[in-house]
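**Q** Quick one: this structure, given as structure tokens, is what I'll be asking you about.
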Amino acid sequence: MKHAFLTTAAAALMAIGTHTSAETLKMSHVRPQDTTIDTELRAFSAAVSDATGGGLSVKLFPASALGDYTTVQERISVGAIDMATQPAATAADRRMQISSFPYLAGNWEQARAVYGPGGAVREVMAELYAEQEITMLAAYPVYFGGISLNVENPAAGSVDPNGIKVRVPGIKSFQLTGEALGYIPAPIPFSEAFTAVQTGVVDGVIGSGAEGYYASFRDVTKTYIPANTHFEVWYMIISNESLASLSDEDQSALIEQAQAFEATRWDVAEADQQRSEQRLVDELGATVISLSDAELAAMAAKVRSDVWPAVLEDVGADWGRAILDKVAAAAE
């Protein structure tokens with residue numbers, strides 16, 4: 001029995017030695033296990049391991065297990081956490097609000113031009129991360145935002161006041177967007193949002209998209225309006241310290257696989273959004289309101305007129321306007 005114990009202990013020590021000989025990076029993300037992003041990041045992790053012959057591995061921590069995304073970004077900047085794929089935390093730098101600017105892109109082609117490789121917002125976000133000692137490895141397009149309601153809205157395509165009260169995140173751009181689209185915005189923390197809709201404190205939610213509403217508000221979504229309120233994009237980021245600790249070969253492999261991860265996502269994201277919208281119909285019996293191009297254009301025009309000036313003041317008018325000018329030029 002003693003011999004068996006020693007043999008087992010020796011085997012365990014050998015296993016530990018084998019494990020620590022490889023470099024392991026910890027990556028946080030915000031969705032639960034087995035969601036789309038979790039599945040795609042597992043494939044990315046496997047690709048990194050294959051590309052480095054097992055010399056580098058990426059260990060995932062789903063569902064914000066390493067902390068809220070704001071905290072995680074702060075910890076990445078000081079090297080306490082290696083990596084994350086998540087929204088930009090505007091608390092670190094208010095200029096990062098440019099990433100979720102309302103109605104900056106009107107369709108997937110425009111979104112790719114703005115947020116994809118070489119895009120104006122993509123480039124400036126990389127610069128803002130760099131100021132925090134963080135390297136952006138990839139952008140992760142999620143979806144266009146919409147409006148989830150627990151009631152009907154007969155005038156879903158109108159921007160006239162409708163008397164419907166909606167929960168919005170405590171972010172200026174979302175509050176002003178809700179108001180510009182005719183709703184009564186109520187800033188409520190995400191942790192309290194579902195109960196607020198369920199108990200009738202508010203009639204719905206602005207700030208997410210079909211995938212997010214299915215995940216978190218499926219029992220209180222009777223109407224979904226794909227109003228393209230904002231384009232949700234997350235970023236794969238790594239601490240400069242963690243990146244510098246890798247060999248040149250492993251750095252190259254990680255960067256190459258991150259680029260492949262992003263390219264694949266751009267190819268499937270639009271169809272993924274459509275599937276999420278269809279799930280609301282097929283599984284929940286919700287009504288998805290189809291808006292005309294003219295209605296979407298009117299919404300965009302109202303928000304750009306009413307909301308953009310206020311948000312530009314928040315991020316720095318001259319700085320923000322220069323980026324919006326680049327976006328407009330790229331769209332021509």
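The values are calculated or read from the model by the stated rules, or taken from the named source; none is laboratory data. What you see is a predicted model, and the numbers here were worked out from it, not measured in a lab. Here the Cβ is made from the backbone with ideal geometry for all residues, glycine too, and neighbour counts use every protein chain on show. All accessible areas refer to the heavy atoms of the entire protein, side chains included, with ligands and DNA or RNA removed. Shrake-Rupley method; radii C 1.70, N 1.55, O 1.52, S 1.80 Å.
**Q** Could you grab me the full set of residues in the range 306-323 that are in contact (Cβ under 8 Å) with a residue 60 or more places away in the chain and either in a helix (DSSP H, G or I) or of a type in the set (Asp, Glu) (or both)?
**A** Matches in the range 306-323: 306, 308, 310, 311, 314, 315, 319, 320, 323.
**Q** Right, another one. I'd like to check something: does the range 53-60 contain any residue that is more than 18 Å from residue 212 (Cβ to Cβ), without any contact (Cβ under 8 Å) to a residue 24 or more places away in the chain and over 19 Å from the mean Cα position of the chain (by Cα)?
**A** Of the residues in the range 53-60, the ones more than 18 Å from residue 212 (Cβ to Cβ) are 53-60.
If we keep only those that are without any contact (Cβ under 8 Å) to a residue 24 or more places away in the chain as well, we get 53.
Filter again for over 19 Å from the mean Cα position of the chain (by Cα), leaving 53.
Yes, that holds for at least one residue.
**Q** Now for a separate question. Would you confirm whether or not the range 142-162 contains a residue that is part of a helix (DSSP H, G or I) and either open to solvent by 10 Å² or more (accessible area, probe 1.4 Å) or of a type in the set (A, V, I, L, M, F, W, C) (or both)?
**A** No, the range 142-162 contains no residue that is part of a helix (DSSP H, G or I) and either open to solvent by 10 Å² or more (accessible area, probe 1.4 Å) or of a type in the set (A, V, I, L, M, F, W, C) (or both).
**Q** Among the listed residues 327, 303, identify the single one that is surrounded by 15 or more Cβ atoms within 10 Å (Cβ to Cβ), at pLDDT below 95 and either not in a helix (DSSP H, G or I) or not hydroxyl-bearing (Ser, Thr, Tyr) (or both).
**A** 327
**Q** Could you identify the single residue in 50, 38, 34 that is farther than 24 Å from residue 229 by Cα, without any contact (Cβ under 8 Å) to a residue 60 or more places away in the chain, outside any loop (DSSP other than H, G, I, E, B) and under 17 Å from the mean Cα position of the chain (by Cα)?
**A** Exactly one residue qualifies, and that residue is 38.
**Q** Taking the condition of being more than 17 Å from residue 240 (Cα to Cα) and touching a residue at least 24 places away in the same chain (Cβ under 8 Å), how many residues in the range 118-138 meet it?
**A** Of the residues in the range 118-138, 4 are more than 17 Å from residue 240 (Cα to Cα) and touching a residue at least 24 places away in the same chain (Cβ under 8 Å).
**Q** OK, next. For the range 176-188, check the following and say yes or no: at least one residue is without any contact (Cβ under 8 Å) to a residue 40 or more places away in the chain, over 25 Å from residue 271 (Cα atoms), open to solvent by less than 20 Å² (accessible area, probe 1.4 Å) and under 15 Å from the mean Cα position of the chain (by Cα).
**A** No - not one qualifying residue is present in the range 176-188.
**Q** Take residue 125 and tell me if it is under 17 Å from the mean Cα position of the chain (by Cα) and over 13 Å from residue 231 (Cβ atoms).
**A** Considered against the rule, which asks whether it is under 17 Å from the mean Cα position of the chain (by Cα) and over 13 Å from residue 231 (Cβ atoms), residue 125 comes out as no.
**Q** Could you please give the count of residues in the range 124-133 that are loosely packed, with under 14 Cβ neighbours inside 10 Å and in a helix (DSSP H, G or I)?
**A** 2
**Q** Quick one: is residue 272 loosely packed, with under 15 Cβ neighbours inside 10 Å and either modelled with pLDDT under 95 or in contact with a helix residue (DSSP H, G or I) (Cβ under 8 Å, 6 or more places away or on another chain) (or both)?
**A** Answer is no for this residue.
**Q** Consider only pairs whose beta carbons are under 8 Å apart and that are at least six residues apart or on different chains; among these, list those whose first residue lies in the range 218-240 and is outside any helix (DSSP H, G or I) and whose second residue is open to solvent by less than 10 Å² (accessible area, probe 1.4 Å) and among the acidic types (Asp, Glu).
**A** Taking only residues 6 or more apart or on different chains, the pairs are 236/262.
**Q** For the range 87-101, what are the residues that are at pLDDT 90 or above and either among the small types (Gly, Ala, Ser) or buried (at least 24 other Cβ atoms within 10 Å of the Cβ) (or both)?
**A** Correct list: 88, 89, 98, 99, 100, 101.
**Q** When you scan the range 165-175, how many residues do you find that are open to solvent by 60 Å² or more (accessible area, probe 1.4 Å), small (Gly, Ala, Ser) and touching a Phe, Trp or Tyr at 6+ places or on another chain (Cβ under 8 Å)?
**A** Here the count works out to 0.
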